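The values are calculated or read from the model by the stated rules, or taken from the named source; none is laboratory data. Note that the structure is a prediction, hence the values are computed from the model and not measured. Virtual Cβ from ideal backbone geometry, glycine too; neighbours counted across all protein chains shown.
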């Protein structure tokens with residue numbers, strides 16, 4: 001992301017946000033570095049009596065896959081130590097074969113299964 005942002009700056013492309021597409025592909029060679037123009041994310045809102053360009057709010061989609069996956073396990077997560085860091089993408093070592101939750105949200109079945117495993121481990125201790 002940082003290198004991509006530096007290239008955007010070097011090329012004089014201000015007003016862009018650095019982004020990388022195709023992150024769900026496990027091969028980094030297939031990722032595509034890009035710049036997203038900020039105006040495409042903006043809308044006009046009236047603030048203090050004047051129209052102002054603002055980045056449109058992104059609200060939680062209560063019927064979305066990610067929230068429904070969380071809702072399926074939240075009662076157990078309230079007392080379990082089931083924290084999973086979405087963390088940076090790992091290229092080598094443990095976790096390098098996992099795709100970050102922010103790139104590919106987990107299925108409800110996977111979260112429930114992993115939560116049940118954590119619960120079973122904590123109950124045996």
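Residue by residue through the range 54-79, note down the ones that are closer than 25 Å to residue 1 by Cα and out of contact with any helix residue (DSSP H, G or I) (no Cβ under 7 Å at 6 or more places or on another chain). So that I can check it myself, show each step before the final result.
Taking the range 54-79 as the starting set, the residues that turn out to be closer than 25 Å to residue 1 by Cα are 54-60, 66.
Listed by number, the residues that qualify are 54, 57, 58, 59, 66.
Can you go through 100, 116, 125 and tell me which one is modelled with pLDDT under 75, on the phi < 0 side of the Ramachandran plot and over 19 Å from the mean Cα position of the chain (by Cα)? Break it down into steps so the answer makes sense when it comes.
Values: 100 fails: over 19 Å from the mean Cα position of the chain (by Cα); 116 fails: modelled with pLDDT under 75.
Unique residue meeting the criteria: 125.
Mind listing whichever residues of the range 27-46 are farther than 19 Å from residue 57 by Cβ and surrounded by 12 or more Cβ atoms within 10 Å (Cβ to Cβ)?
Result: 31, 33, 34, 35.
Kindly list the number of the only condition in (1) modelled with pLDDT under 90; (2) assigned to a helix (DSSP H, G or I); (3) surrounded by 14 or more Cβ atoms within 10 Å (Cβ to Cβ) that fails for residue 76.
Condition not satisfied by residue 76: (1).
Outside any loop (DSSP other than H, G, I, E, B) and in contact with a helix residue (DSSP H, G or I) (Cβ under 7 Å, 6 or more places away or on another chain): which single residue out of 33, 82 fits that description?
Details: 82 fails: outside any loop (DSSP other than H, G, I, E, B).
Only one candidate qualifies: 33.
Please verify whether residue 4 is touching a residue at least 12 places away in the same chain (Cβ under 8 Å), in contact with a strand residue (DSSP E or B) (Cβ under 6 Å, 6 or more places away or on another chain), surrounded by 10 or more Cβ atoms within 10 Å (Cβ to Cβ) and not in a strand (DSSP E or B), treating the condition exactly as stated.
Criteria met by residue 4.
Could you check how many residues of the range 36-67 are closer than 25 Å to residue 116 by Cα and at pLDDT 90 or above? Write out each step before concluding.
As a first pass, look at the range 36-67 and keep what is closer than 25 Å to residue 116 by Cα: 62-67.
If we keep only those that are at pLDDT 90 or above too, we end up with 62-63.
Count: 2.
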